[in-house]
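Engineer: Sharing a structure with you now.
The values are calculated or read from the model by the stated rules, or taken from the named source; none is laboratory data. Quick caveat, the model's predicted, so the values are computed rather than measured. Please note: Cβ atoms are built from the backbone with ideal geometry, for glycine as well, and neighbour counts cover all protein chains shown.
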Amino acid sequence: MSGTEWNIAEFNIARLRYPLEYDEMYGFVDQLAPVNKLADESPGFVWRHQTDDGDSTSVRLFDDPMIIINYSVWESIESLKDFTYNLQDHKELLRKRREWFVPLEGWPIIALWWVPAGEIPTLEQGKERLEHLRDNGPTEMAFNLRKRFEPPAA
């Protein structure tokens, strides 16, 4: 971990087009472990939520059982963006997302917020931040990559 006082938490959701065990989801499911390994080894990576299966695809926090989550903490927004948009394997998954996921009406797909360095947020906090962003738009409590807020003053 860096010497910074704050890390960035990101909680994102997606609505599956098909159940994960369907053949149509193979391209996504097959890439979970390699892409998660890339994240784990990326500069600025701090933590990601995972079950005993090594990812979070079995976690259901919403009434819709087709909504899956991804949850991680990074040293900075820049390190998160570098992983998300600059690593070829992850960029390839982003390009193909419409094959595996359907748009979520009325929901943001990602919420970001600052956490004290060393703090690991809970699943409930992730859900609450996403709901806050949905209900209030970007604020210091929850924001997105387009409308960001600086970390709290020391």
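Engineer: Could you list, in sequence order, all residues of the range 4-41 that are over 18 Å from Val59 (Cβ atoms), touching a strand residue (DSSP E or B) at 6+ places or on another chain (Cβ under 6 Å) and aromatic (Phe, Trp, Tyr)?
Structural biologist: Across the range 4-41, the qualifying residue is only Trp6.
Conditions tested, residue by residue: (1) modelled with pLDDT of 95 or more; (2) exposed (fewer than 14 other Cβ atoms within 10 Å of the Cβ); (3) within 21 Å of Pro19 (Cβ to Cβ).
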| site | (1), (2), (3) |
| --- | --- |
| Val46 | yes, no, no |
| Asp55 | no, no, yes |
| Thr84 | no, no, no |
| Leu93 | no, no, yes |
| Ala111 | yes, no, no |
| Thr122 | yes, yes, no |
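Engineer: Could you list, in sequence order, all residues of the range 1-25 that are surrounded by 15 or more Cβ atoms within 10 Å (Cβ to Cβ), out of contact with any helix residue (DSSP H, G or I) (no Cβ under 6 Å at 6 or more places or on another chain) and of a type in the set (Val, Ile, Thr)?
Structural biologist: Listed by number, the list holds a single entry, Ile13.
Engineer: Select, from Gly118, Gly126, the only residue that is surrounded by fewer than 13 Cβ atoms within 10 Å (Cβ to Cβ) and either more than 13 Å from the chain's Cα centre (by Cα) or modelled with pLDDT of 95 or more (or both).
Structural biologist: Every option except Gly118 fails the conditions.
Engineer: When you scan the range 41-153 for helices (runs of 4 or more DSSP H) that lie fully inside it, which ones turn up with 1 or more residues that are touching a Lys or Arg at 6+ places or on another chain (Cβ under 9 Å)?
Structural biologist: 77-81, 97-100
Engineer: Test Phe28 against the criterion of being crowded, with 16+ Cβ neighbours inside 10 Å, assigned to a loop (DSSP other than H, G, I, E, B) and more than 13 Å from the chain's Cα centre (by Cα), and give yes or no.
Structural biologist: Here the answer is no, as Phe28 does not meet what is asked.
Engineer: Find all pairs meeting these conditions: Cβ atoms under 9 angstrom apart; at least six residues apart or on different chains; first residue within the range 124-144 and free of Cβ contacts under 8 Å to residues at least 40 places away in the same chain; second residue in a helix (DSSP H, G or I) and of a type in the set (Lys, Arg).
Structural biologist: Filtered contacts from the range 124-144: Met141/Arg129; Ala142/Arg129; Ala142/Arg134.
Engineer: While we're here: Report yes if Phe143 is of a type in the set (A, V, I, L, M, F, W, C), surrounded by 19 or more Cβ atoms within 10 Å (Cβ to Cβ) and closer than 30 Å to Gly27 by Cβ, otherwise no.
Structural biologist: So Phe143 fails the test.
Engineer: Just to be sure, is Lys96 touching a helix residue (DSSP H, G or I) at 6+ places or on another chain (Cβ under 7 Å) and basic (Lys, Arg)?
Structural biologist: yes
One line per residue, one yes/no per condition, for (1) under 30 Å from Pro152 (Cα atoms); (2) in contact (Cβ under 8 Å) with a residue 24 or more places away in the chain; (3) of a type in the set (A, V, I, L, M, F, W, C):
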residue	(1), (2), (3)
Glu5	yes, yes, no
Gly44	yes, yes, no
Trp47	yes, yes, yes
Arg60	no, no, no
Leu80	yes, yes, yes
Trp100	no, yes, yes
Leu112	yes, yes, yes
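Engineer: Across the range 57-76, what is the total count of residues that are at pLDDT below 95 and of a type in the set (Val, Ile, Thr)?
Structural biologist: Residues that pass the stated criteria total 1.
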